[in-house]
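So the structure is just underneath, and the comments pick up after that.
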Amino acid sequence: MPDVKEIQAQTSTQKYGPKATFAQFLATVAQSFIFIGLGMNLSISAIVIRDLYQNPNSDFSITTTEASWYGSLLFIIYPFGCLASGILQDKFGKKLCMIFANVPSIIGWILLYSARSSVLLCASTLFMGFSMGLGAGSTSSYVGEISEPRLRGSLGSLGTTAMRMGATLMYIQGSFFDWRTTALYSTIYPIICICFIIFIPESPIWLIAKGRNEKAEEAMCWLRGWVEPEKIKPEFLELMHYNEVSGTQGGCKIDTDDKKLFSNLTQLKNPAVYRPLRLLMIYFFVSSSVSISPARPFITKIMKEIDLFNNQNESLILLSILMSVGSIIATATVHRVGKRLLALTTLTLNTVTLFLFGAYIIAVKASYLTSSPFIPLILLCSIYFIGSCGISCIFWMILIEIYPNKSRGVATSISSGLAYTILFIMTKSYLIIEMYLSLEYTMILFGCIGVFGFIYLYFYLPETENKTLLEIEEFFVSNKKWLN
C-alpha cells in the first residue's frame, strides 16, 4: 500500500465533476425521506391533541394526563431505537438499517389511523419514536461516510431541512384534514422512502470494514458519478488506510467481541469518542435552549400570552416555513462560511433576540409599552428562523463526521439518543420553569444559557468543514486547539 503522505497527496488533487455531486445528492435525498417522516412524527401530536383534547364531539376524547403522555412518549422510546440502530447498522449495514427503520413508522401510522382509545394513540407514538431512533443514527453516519469533505456539511444539513419540510407538510395537512385522515395519508412517506433507499449503495467504509472490497469499490464508483474504478483509486486507497488506522479492516474489529451485544460501548472510554460526545451534548443543550425547542409543544400557549392566539394554524405554518427556509440557507452557505462561524453567529443573534423578547414582555406588563401583535411575532419568527440558519441544524452536520470510523455507528446512535433524552427532560420541565419564572424570565434564562454556550463553543468547537474524517479524528485524539 502507498505511503500515507502519498495517498493524501493524490487525494488532495483528486477532482470529481458535477456528476459526483449529483450522485451524492441523490443518495442523500433518498435517505432524507426518513427525516421527512421524523418531522411528521414530531408534529402529528399537535394535530391529534388539537382535535381530541377534551373534545366531546370527536370519536373519543383524551384528558390532560393522556395528552401529556401521548405527547412525550415519542421522546422516551427514541433512545431505545438509537441503541438498536447502533447494533443493527454495525452488523447489517447502514442501508438495511435505514430500510428497516421505516417499518415501525408504517405500523405507527396504521395504529394511529385505527385508534379508538388513548392506549392505541400511545402505542402508535411508541412505534414512531422507535422508528425515529432507528433512522436517525443510521442516516447520520451514512451521509458522513459517503460524502466528500467539500460536500459533507451541505449534504449533512439536508436532513434538518427535510425534517422542517416534514413538519410544514404535517401542519398543512392538519389545516385541511382531521387527524385520522392526516394519519392515513402520512403512511405513504415511509413506503416511498423504502423504495428510494433500495436503489442507493451501501456505505463504502462499512463494506471495507467487512472485507467486501469489491462491493465497496462499486459503491464508490456510484457515489463519485458512476465513474470507472481507476478514477476513484486514490480515495479508495485512503479509505483502506482509514479503516486500518481506525481499527477496522477485513471484516474484524480490534478490541471488540461480536458475541457480546454491548461490547462496542467500551469504546466510549476512547478520547476520540468521549470528547466529541461531551461537546455534542453541551452543544445540543445550548442550541435547544436558544432555539426554544422545549417550548414548541406549548407554542399555542405562548401565542395566547403574547396576543397571537388568533390564526394559530397560519402562524404554525409560517414558523415551520421559516424554519425550512433557514435550513436551506444553512445548506447553501455552510461550505463557504464554515460550521464554526455559522454556529457562533446564529447563536449570538438568537441570544440577543431572546433577551429582547423577554425585555419586551416585561415592558408590556409594566405598561412601558403598548401591546402589539407584530413585535412579538417578529421576535418569535426571528428566533425560529435564525436558529434554523445555523445553531439548531449544525448539530446534525457535526454528528455525521465527528466520530472515528470504529465507533461511528454506535456513537452517533448514542448521541442521538442522549440528545432526545435531554430534549425530553427540557420539554417536560418547561411548564414548571415557566410557572415559577414566568414567560419573560424563562426567555431571559434561555438567553443566559446562550451566553454560556458562546463562551464554551468559542474555545472548544473546532472547524470541521473541508476536513477529512481522519483529520477530525486526530484532532480529538491529540486534543489540539483547532480553531480555524
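The values are calculated or read from the model by the stated rules, or taken from the named source; none is laboratory data. Predicted, not measured: the structure shown is a model, and the values here were computed from it. Cβ: placed from backbone, ideal geometry, glycine included. Neighbour counts: every protein chain shown. Each accessible area value is taken on the protein alone, full model and side chains, heavy atoms only, with ligands, DNA and RNA left out. Shrake-Rupley method; radii C 1.70, N 1.55, O 1.52, S 1.80 Å.
What to note about this one:
- Charge sum, other residues only, whose C-beta stays under 10 Å from residue 225's C-beta, Lys/Arg counted +1 and Asp/Glu -1: +3
- Label-to-label distance for residue 96 and residue 433 is 4.2 nm, based on points extended 7 Å past Cα in the beta-carbon direction.
- Span from the segment 51-95 Cα centroid across to the segment 344-358 one, whole angstrom: 31
- Shape call, segment 88-232: gyration tensor on alpha carbons, a/c limit 1.5: prolate
- Applied to segment 85-91, the Karplus parametrisation 6.51 cos²θ - 1.76 cosθ + 1.60 on θ = phi - 60° returns per-residue 3J(HN,Hα) values of 4, x, 6, 5, 6, 5, 8 Hz, with x for Gly and Pro.
- Anisotropy class of segment 329-408 from Cα gyration tensor, a/c 1.5 cut: prolate
- Residues whose amide H lies under 5 Å from that of residue 62, counting only those 5 or more places away or on a different chain, are 53, 54, 55; hydrogens are built 1.01 Å from N in the peptide plane.
- Only protein heavy atoms count here; on that basis, with a 1.4 Å probe, residue 189 has an accessible area of about 50 Å².
- For the residue pairs 91/210; 304/365; 19/91; 301/428; 95/215; 301/365, the alpha carbons lie more than 20 Å apart in 19/91.
- FRET efficiency, 1/(1 + (r/R0)^6) with R0 41 Å, evaluated for residue 19 and residue 298 via beta carbons: 0.30
- Sequence of 180, 296, 212, 224 from largest to smallest accessible area, 1.4 Å probe: 212, 296, 180, 224
- Extension gain, residue 69 to residue 198, is 42.9 nm, computed as 0.36 nm per intervening residue step minus the present C-alpha separation.
- Once both labels are positioned 7 Å from their Cα atoms along Cα-to-Cβ, the gap between residue 278 and residue 244 label points is 3.2 nm.
- Measuring only protein heavy atoms, the 1.4 Å probe finds residue 335 accessible over about 70 Å².
- Computed with every protein chain present, the accessible area of residue 304 is close to 130 Å² [probe 1.4 Å].
- Remark: spin-label model distance residue 345-residue 117 equals 5.5 nm, labels positioned 7 Å along the Cα→Cβ axis.
- The string of couplings for segment 272-285 from the Karplus curve (6.51, -1.76, 1.60, θ = phi - 60°) is 6, 10, 6, 5, x, 5, 4, 4, 5, 5, 5, 4, 5, 4 Hz, one whole number per residue in order, with x for Gly and Pro.
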